[in-house]
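What follows is a single structure, written as structure tokens, with notes after it.
Bear in mind that the values in this text are calculations on the coordinates, not laboratory data. Please read all numbers here as calculations on a predicted model, not as lab measurements. Cβ: placed from backbone, ideal geometry, glycine included. Neighbour counts: every protein chain shown.
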Amino acid sequence: LQVGFARAKAYLEARYSEKLSIGEVADHFGVHPNHLSRAFREEYRCSPKQFLTELKLDKARQMLTQTDTPVALVASLLSFEDQHAFSRSFKNHFGYPPSACRKRT
């Protein structure tokens, strides 16, 4: 990745709330999606998709603990497929469902 991994990572961080595909990110930097994924994994020890999902989940937890935004709206604002997919990912990542997040604070 000639533009540097830091730029690809920054691109994902800046656009985390959008529904991005690895193909779109790779096109933006003029590389093949497989090359982006392989090189990103070597540099950051996770795929771009994993990085993006973890970033979204961290932002979701922040939104749930610091605002009154409903869980369904958080899922939508962060471009998850639907509330069920968001809740499943959240629980797998943090060990508790998003609805319990507010009760923990």
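Things worth noting here:
- Between GLN66 and ARG15, the modelled labels are 2.4 nm apart [label points 7 Å from Cα along Cα→Cβ].
- Environment charge at THR67 (Cβ cut-off 12 Å; Lys +1, Arg +1, Asp -1, Glu -1): +2
- When the convex hull of its Cα atoms is projected in every direction, mean area for the chain (nm²): 6.6 nm²
- Prolate/oblate/rounded label for the range 15-62 (Cα gyration tensor, a/c 1.5): oblate
- Rounded, prolate or oblate (a/c below 1.5 giving rounded, otherwise prolate when a/b exceeds b/c) for the range 59-105 by Cα gyration tensor: oblate
- Per residue, the chain reaches -20500 deg cm²/dmol at 222 nm when only DSSP H runs of four or more residues are counted, each adding -39500 (n - 2.57).
- Between GLU81 and ASP27, the FRET efficiency estimated from the beta carbon spacing at R0 = 25 angstrom works out to 0.70.
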